[in-house]
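Here is the structure we will look at.
The values are calculated or read from the model by the stated rules, or taken from the named source; none is laboratory data. All values derive from a computational prediction rather than experimental measurement. Note that we place each Cβ from the backbone using ideal geometry, even for glycine, and neighbour counts take in every protein chain shown.
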Amino acid sequence: MKKLAVMFVIAVLVPSLALAWLAVRSLRDQQFIMERQQTLLYQGVADAVARAVQERISEEQSHFVTAVESLLQTEDVSLLASSFDQQIRTNWALAQIGFTVTLGGQLLSPSPMSSPDAQLFCAANSGFLANREPAEVYFNNFSPKLQSVAQMPQPPVPDFSQKTASKERNVLPQQQQQGWAAQQQQPPLSIQNEQQLSRFAPSETEFRQLIGTDTEGMIARFLDNKLNLLVWHRPQRASNLVFGAQIDLTQLTKDLQAVVQLNPTLQNEICIALLNDAAKPVALSKADFSANWKRPFVATEIGEELPHWEVTAYLLNPDQLSQAARTANLTLGLLILVLVSSIGVGGWLIVGDVNRQVALARQKTDFVSNVSHELKTPLTSIRMFSELLAEGRVSEPAKQKSYLNIISAEASRLTRLINNVLDFARMERGEKKYHLQNCDFAEVVREACLTFRPHLEANGFVFRCNLPEAPVNLMADRDALAQVIVNLLSNAEKYSNGEKQIEMELTIGNGADRYCELRVCDHGSGVPRGCEEKIFEQFFRAHDSLSSGTQGSGLGLTLARQIARAHGGELSYWPRDGGGSCFILRLPMLA
């Protein structure tokens, strides 16, 4: 099989890749060079306008800070905190609503009864500003690096500052990806059916955690699919207060109109548009221009100051380049890509499948050998000691009892092996059935311990079992869980490596989700590095050799994990401190 895979790679895949490379090189004609240059030029224009918008917003941020500091010099802090809404709207043109909030979360201004706008603002933002609830926000703090609240002297709070998944962009630039490929000296790739994601993702956080130790910043959040911009400042003379304002987007877009301008040499080639989060133009370089706003030639996202707002460029004459040549190149490029990808993926799948089949065949061979040995050993012991007892060769009661115990232990071992093989076969065929009922897992563990303890102690093991006094109620199959426990104890016994100590402990978790954990730990040889997950694969054994002297078929842990997952739980392995293994069975409890 390996020879077949090597021949496939040499005879098919390598020549195909060589032909694909030559075909791709043929696409680099003059038409592509012109298109690349045009794309880079217009992308640079869009980037420059986006930077100008960012600078304008940064200037307005500075104007707000200046306005707050000026008010603090002329007004009493406590009076300003309660009347800040009215004061900031008088002194800063972009203010729609002003607010004051303490670091403890008390909203001092505006009063919900002062105006309808204030009432709407408080209803939408009071929970977030008061640190009662986190929110998905885009933020840009202008002072040094954002500090975690966990570093400050206050009670620990949950970490909500995790980036959520990026949102889809409102526009799909026709040439942006192609321009990136051009900069990398690679042939153009079509993105006609490809969805792009925004480079800026919101963070779910609380207001107090967001501001950290910073003194000023800007927050953007969406409420009912409507963008809200909040600018804030924490002055040094009143460090316990945060003064902020919600920006009037209508006034802001009027101010940004002056920024969206073009060099006169490009006015007959493209139109620059500033699109809002709904992909609607709020500012144009050419007043009477109209287009499919979601399909610009190139586009640049503004940033976290105006999330989902983009500066876009549209061709006034989209057919100025040869559409026929571009379509031909695109078709040929896609065809090459599909063919090469199909060959590559097919070759990779074939090689991977060959390797898996070879490994599986080897494991099955070892499994047959191990099972044959495992069946023969207990049968030999049972037959030998039963014949001794049947022929009356043993007259001492103590020896008779010892031989009977050996027969019983070997019979149990044989039963476990046969049950594991049969259960594995049922699971492989999808015929395994579980009889779920309300049961006390602590009682199931206790019964399994009582059953297995005599065998362990007879072999010199120190077995400690710690169980809670309260019942641990589960919806489970008692027999299946008992089989898992016995398999784990048997595994701990096999790999004790002379250190005959086994600990079992059942605990109840303290998290919001009710669960229990059963830990079975030994002091043995442990699991070799790199095999921590492989030990749960079918037929796999860390010491897979009859000469290793370790009993087993390679199915016990596989069955145990499958049973655990069938009950909505999980079985995992952790190395024990000081050497040995620790297997953790986690199961959900009844509410």
Tell me, which residue of segment 556-591 that is over 27 Å from the mean Cα position of the chain (by Cα) and more than 19 Å from Val527 (Cβ to Cβ) is surrounded by the fewest Cβ atoms within 10 Å (Cβ to Cβ)?
Ala591
Within the bounds of segment 497-516, is there any residue that is buried (at least 21 other Cβ atoms within 10 Å of the Cβ), of a type in the set (S, T, N, Q), more than 15 Å from Trp574 (Cβ to Cβ) and touching a Gly at 6+ places or on another chain (Cβ under 8 Å)?
no
Out of curiosity, is Ala130 hydrophobic (A, V, I, L, M, F, W, C), in the same structural domain as Asn225 (by TED's automatic domain parsing) and touching a Phe, Trp or Tyr at 6+ places or on another chain (Cβ under 9 Å)?
yes
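Every residue, every condition in (1) at pLDDT below 85; (2) touching a strand residue (DSSP E or B) at 6+ places or on another chain (Cβ under 9 Å), yes or no:
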{"site": "Met504", "(1), (2)": "no, yes"}
{"site": "Thr507", "(1), (2)": "no, yes"}
{"site": "Gly511", "(1), (2)": "yes, no"}
{"site": "Val527", "(1), (2)": "no, yes"}
{"site": "Glu537", "(1), (2)": "yes, no"}
{"site": "Gly549", "(1), (2)": "yes, no"}
{"site": "Ala566", "(1), (2)": "no, no"}
Cβ contacts < 9 Å: first residue in the same structural domain as Ile247 (by TED's automatic domain parsing) and surrounded by fewer than 22 Cβ atoms within 10 Å (Cβ to Cβ), restricted to segment 53-69; second residue outside any helix (DSSP H, G or I) and of a type in the set (Ser, Thr, Tyr), any location; separation 6+ or different chain. Result?
Val65/Thr215
Go through segment 427-458 and count every residue that is modelled with pLDDT of 85 or more and not in a helix (DSSP H, G or I).
5
If a residue counts only when it is out of contact with any helix residue (DSSP H, G or I) (no Cβ under 8 Å at 6 or more places or on another chain), more than 30 Å from Glu301 (Cα to Cα) and hydroxyl-bearing (Ser, Thr, Tyr), which helices (runs of 4 or more DSSP H) contained entirely in segment 20-130 have at least 1 such residues?
30-74, 77-91
Subset of segment 453-473 (residues that are surrounded by 13 or more Cβ atoms within 10 Å (Cβ to Cβ) and within 15 Å of Gln501 (Cβ to Cβ)):
Arg453, Leu456, Phe461, Phe463, Cys465
Checking the conditions here, which among Ser115, Ser111, Ser83, Ser126 is surrounded by fewer than 17 Cβ atoms within 10 Å (Cβ to Cβ) and touching a strand residue (DSSP E or B) at 6+ places or on another chain (Cβ under 8 Å)?
Ser126
Phe121 vs. criteria in contact (Cβ under 8 Å) with a residue 12 or more places away in the chain and either in contact with a Pro (Cβ under 8 Å, 6 or more places away or on another chain) or among the polar types (S, T, N, Q) (or both)
yes
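Each row is one residue, and each column tells you yes or no for (1) modelled with pLDDT of 75 or more; (2) touching an Asp or Glu at 6+ places or on another chain (Cβ under 7 Å); (3) exposed (fewer than 13 other Cβ atoms within 10 Å of the Cβ).
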| site | (1), (2), (3) |
| --- | --- |
| Gln323 | no, no, yes |
| Leu330 | yes, no, no |
| Asp366 | no, yes, no |
| Thr380 | no, no, yes |
Considering only segment 277-295, state which residues are in a loop (DSSP other than H, G, I, E, B) and hydrophobic (A, V, I, L, M, F, W, C).
Ala278, Ala279, Ala287, Phe289, Ala291, Trp293
Out of everything in segment 482-530 that is part of a loop (DSSP other than H, G, I, E, B) and acidic (Asp, Glu), what residue ends up being nearest to Phe583 (Cα to Cα)?
Glu499
